[in-house]
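The values are calculated or read from the model by the stated rules, or taken from the named source; none is laboratory data. Please read these numbers as outputs of a predicted model, since none were measured by experiment. Because the Cβ atoms are built from the backbone with ideal geometry, glycine has one as well, and the counts that use them run over all protein chains shown. Protein only, heavy atoms only, side chains kept; ligands, DNA and RNA dropped before computing areas. Shrake-Rupley method; radii C 1.70, N 1.55, O 1.52, S 1.80 Å.
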Amino acid sequence: MTDRTDSTLLGPADLVGNGVNGDDPDAGGKFGVFGGRYVPEALIPALDEVAAEYDKARNDPAFVGEFDHLLRTYAGRPTTLTEVPRFAERAGGARIVLKREDLTHTGAHKINNVLGQALLTKRLGKTRVIAETGAGQHGVATATAAALMGLECVIYMGAVDCERQALNVARMKLLGATVVPVANGSQTLKDAINEAFRDWVANVDHTHYLFGTIAGPHPFPEIVRDFARVIGVEARRQILELTGRLPDAVAAAVGGGSNAIGLFHAFIGDEGVRLHGYEAGGRGAGEGEHALTLTRGSVGVLHGARTYVLQDEEGQTIESHSISAGLDYPGVGPEHAWLKDIGRATYHGVTDAEAMEAFALLARTEGIIPAIESSHALAGALTLGRELGPEATILVNLSGRGDKDMGTAMKYFNL
Amino acid sequence: MTTLQTVFAKAKADDRAALIGYLPAGFPTKEGAVAAAAAMVEAGCDVIEIGLPYSDPLMDGPTIQDAVHRSLTGGTRIADVMRTVEGVAGTGAATLVMTYWNPVDRYGADRFARDLANAGGVGTITPDLTPEEAGPWCEASAAAGIDTTFLVAPSSTEARIKAVAACCTGFVYAASLMGVTGARETVGEAARGLVERTRPHTGLPVCVGLGVGTGRQAAEVARYADGVIVGSAFIRRLLDAPDETSGLAAVRELAAELAVGVRA
Ligand SMILES: Cc1ncc(COP(=O)(O)O)c(C=O)c1O
């Protein structure tokens with residue numbers, strides 16, 4: 001495959017991607033009919049600039065080397081796999097193996113993309129980064145990278161999310177970022193993205209929009225995916241070492257879709273490996289009660305890309321709900337829309353209650369407190385295990401740790 | 001029904017710029033929007049853009065966001081937008097719809113173009129539709145006999161300006177600055193340069209919007225552009241007015257001031 005040695009996580013081909021799986025977007029940024037750019041013309045030159053610089057960077061061994069170095073010496077990669085047999089008892093005896101993104105610096109998979117884009121920001125000669133955040137993990141990761149690289153940092157966060165993820169707001173501030181609570185619309189991730197775009201169009205000469213998931217206009221879905229790919233590249237190698245074969249299924253939570261694509265991508269070419277994404281089923285199937293974008297949404301345009309969207313019959317976005325801020329988003333990355341439509345990946349809903357049960361179960365049985373986002377994938381893996389049977393191995397992306405969610409957990413479980 | 005071509009020909013004959021006013025449908029109320037637009041036309045607006053309120057207006061600043069939010073909370077639907085267009089077109093102004101792409105996409109491009117034409121609308125402005133994605137909309141609009149207008153920005157390269165202008169049929173919308181909608185103290189320096197860079201790529205009128213809110217600014221822009229577009233400043237008047245009557249008076253007063261500006 002690649003000319004990787006033990007001291008490097010990423011060979012040049014791992015970032016270059018270049019159709020390794022025949023699934024890079026086309027020149028217009030499309031995955032099939034999904035993706036593209038639906039943005040004000042004013043932003044097109046900036047998107048072109050980012051795309052062109054990324055193209056140079058990913059073909060530049062110095063850039064790939066620097067990214068790799070940061071992943072190892074700063075983010076703490078490679079992250080380990082952990083098999084969780086006590087948890088898996090509830091999955092009909094199937095083997096469940098976790099990819100421990102919760103053990104990265106700052107505690108979630110978001111750091112991978114952020115370090116890559118922060119390096120790209122420097123190559124672009126920009127001095128300021130802005131970002132949206134839902135759970136606050138992307139905001140914390142961005143503030144962290146900005147501190148590390150001496151960049152000015154402004155984070156947009158829905159006012160509702162600022163409240164439910166107060167700990168992360170404090171972390172961002174301590175790291176030197178300015179946190180702007182967004183009080184319009186649903187006051188969650190969707191509105192934070194709107195506000196970040198408004199900032200970007202006005203400050204684009206010196207600002208990079210460090211987008212946090214694989215949604216948004218081209219080239220963000222491709223760039224964020226490539227920087228998150230390391231999750232699956234590592235995990236594939238590790239699970240082969242651990243079990244001697246590829247897993248029967250890989251599973252991940254889907255908000256915008258970055259941790260899921262990060263894990264899935266290295267397995268897309270492995271036909272025998274099923275790809276399962278878990279969206280937030282929230283309180284129920286009614287309008288405004290969930291964030292089931294792929295499973296219940298329809299095709300439309302949101303935040304610059306054609307994808308599945310929660311919308312009414314006139315194209316107005318329907319507000320999503322999830323107990324987890326990171327999954328509370330009425331859109332999703334176009335590559336997932338494409339994987340769904342070609343039948344390569346399958347997406348399911350997991351309710352707030354199911355996720356919280358898996359959250360507590362992992363804590364009690366394995367001594368690991370997961371992020372509530374990741375708990376959706378854990379809950380999904382329990383069901384999947386019962387379906388696939390005791391011979392099956394399921395690889396789950398434990399995308400983040402649950403420290404940030406203790407406020408929610410205290411309320412939910414009356415702790 | 002007044003077409004954009006008639007409006008610009010007449011303005012040119014009068015040696016002045018056209019005045020284009022923007023209001024979202026359903027703001028301040030469904031009927032109030034038609035009344036406000038009628039006042040704007042009476043006081044000198046040649047063209048009215050009716051905004052289709054959308055839940056995620058990422059190109060708009062706080063003033064338009066506020067108005068759109070009120071409109072959506074008031075239950076404005078696409079049928080109301082079409083009725084508003086019908087009412088405004090009845091005043092004799094050329095009437096356009098300004099809309100983000102997703103509502104049109106969802107409604108169906110052909111159906112939207114047809115319904116708009118039937119309501120007496122003469123075109124659209126689509127701020128988040130780029131030439132790469134505009135094909136189906138241009139076809140639907142041509143079939144329905146309505147004009148298309150797209151935006152160029154100070155950041156646009158020559159190649160982009162050329163591509164955008166090639167998709168326009170009504171006029172080319174030159175965004176005066178890098179930023180969202182909203183009145184500013186001064187009109188962006190970049191506006192004049194952008195208009196000059198656009199001219200070689202089109203025979204269509206080039207109009208300037210974003211940040212224009214006073215008669216003095218309108219006069220400045222009218223020196224180099226074919227049309228002056230004002231939105232947030234009208235909405236501000238309506239938002240700040242204690243009641244509908246004084247809101248209408250304030251809107252009429254601003255339109256009159258701007259109408260003097262475009263003739264300066
Ligand atoms: C731990 C964790 N997992 C998952 C997500 C969801 O995002 P994505 O779907 O892009 O991975 C988030 C987002 O904040 C997160 O913090």
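Shielding value for A:177-187 is 1, the average number of Cβ atoms from other chains within 10 Å of each residue's Cβ. Averaged per residue, the stretch B:4-262 has 35 square angstrom of accessible surface, using a 1.4 angstrom probe with ligands and nucleic acids left out. Using only the Cα atoms of chain A, build the gyration tensor, take square roots of its eigenvalues as a ≥ b ≥ c, and label the shape rounded, prolate or oblate: rounded if a/c is under 1.5, else prolate if a/b is larger than b/c, else oblate. Since a/c stays below 1.5, the shape of chain A is classed as rounded.
From the square roots a ≥ b ≥ c of the eigenvalues of the alpha-carbon gyration tensor of the stretch A:303-396, which class results: rounded (a/c under 1.5), prolate (a/b over b/c), or oblate? The shape class here is oblate.
Once you sort the root eigenvalues of the Cα gyration tensor of chain B as a ≥ b ≥ c, which label holds: rounded (a/c under 1.5), prolate (a/b larger than b/c) or oblate (the other case)? Here chain B falls in the rounded category.
For the options A:ALA57, A:ALA377, A:ALA260, a Gaussian network treatment of chain A with springs between C-alpha atoms closer than 10 Å singles out A:ALA57 as fluctuating the most. Once the 1.4 Å probe is applied to the protein heavy atoms, chain A comes out at 32 Å² accessible per residue.
Given a 1.4 Å probe and the protein chains as shown, A:HIS348 ends up with an accessible area of around 60 Å². Within the stretch B:128-161, find all residues whose amide N lies under 20 Å from a label point positioned 7 Å from the Cα of B:ASN118 along Cα-to-beta-carbon. Label zone hits: B:137-147. Within the straight-line cut-off of under 13 Å between alpha carbons, the aspartates and glutamates reachable from B:LYS12 are B:ASP46, B:ASP226, sequence neighbours fewer than 8 places apart in one chain being disregarded.
Averaged over residues, the count of other Cβ atoms within 10 Å places the peptides A:383-393, A:212-222, B:76-86 in the sequence A:212-222, B:76-86, A:383-393, highest first. Assuming R0 = 35 Å, can you tell me the calculated FRET efficiency for the pair A:ASP24 and A:ARG364, based on Cβ-Cβ distance, to the nearest 0.05? About 0.25, to the nearest 0.05. In a fully extended conformation the segment linking A:HIS206 and A:ARG344 would gain 45.7 nm over its present Cα-Cα distance, using 0.36 nm per residue. Mean per-residue shielding of peptide A:309-317 is 6, counting Cβ atoms of other chains within 10 Å of each Cβ.
Looking at the protein assembly as shown, send over the antiparallel percent of its DSSP beta bridges, to the nearest 5. Among the beta bridges of the protein assembly as shown, antiparallel pairing accounts for roughly 20 percent.
Helical runs (DSSP H, four residues minimum) scored at -39500 (n - 2.57) apiece and divided by the length of chain A put the mean residue ellipticity at 222 nm at -12500 deg cm²/dmol. For chain A, relative contact order (Cα pairs under 8 Å, six or more residues apart, normalised by length) works out to 20 percent. A crude spin-label estimate for the pair B:SER246 and B:ARG111, with each label 7 Å from Cα along the Cβ direction, gives 4.4 nm. Buried surface between chains A and B: roughly 2800 Å² of accessible area, summed over both sides, computed with a 1.4 Å probe on protein heavy atoms only. Placing R0 at 30 angstrom, the Cβ-Cβ distance between A:GLU241 and A:ARG386 gives a FRET efficiency of 0.65 after rounding to 0.05.
The largest accessible area among B:LYS30, A:LYS99 belongs to the first residue in B:LYS30, A:LYS99, and the rest follow in falling order (1.4 Å probe, all chains).
To put it simply, the accessible area of the stretch A:328-388 at a 1.4 Å probe is 49 percent carbon and sulfur. When the solvent-accessible area of the stretch A:48-179 is split by element, carbon and sulfur atoms take up 54 percent of it, the probe being 1.4 Å. Counting 0.36 nm for each residue step from A:GLU271 to A:ASP403 and taking away their Cα separation leaves a gain of 43.9 nm. Within the same chain, lysines fewer than 8 places from A:LYS126 are excluded, and of the rest, those with a Cα less than 29 Å from its Cα are A:LYS30, A:LYS56, A:LYS110, A:LYS173, A:LYS190, B:LYS162.
When the helices of chain B are scored as -39500 (n - 2.57) per DSSP H run of n ≥ 4 and the total is divided over every residue, the value at 222 nm lands at -14500 deg cm²/dmol. The mean number of partner chain beta-carbon atoms within 10 angstrom of a residue's beta-carbon across peptide A:194-202 is 5.
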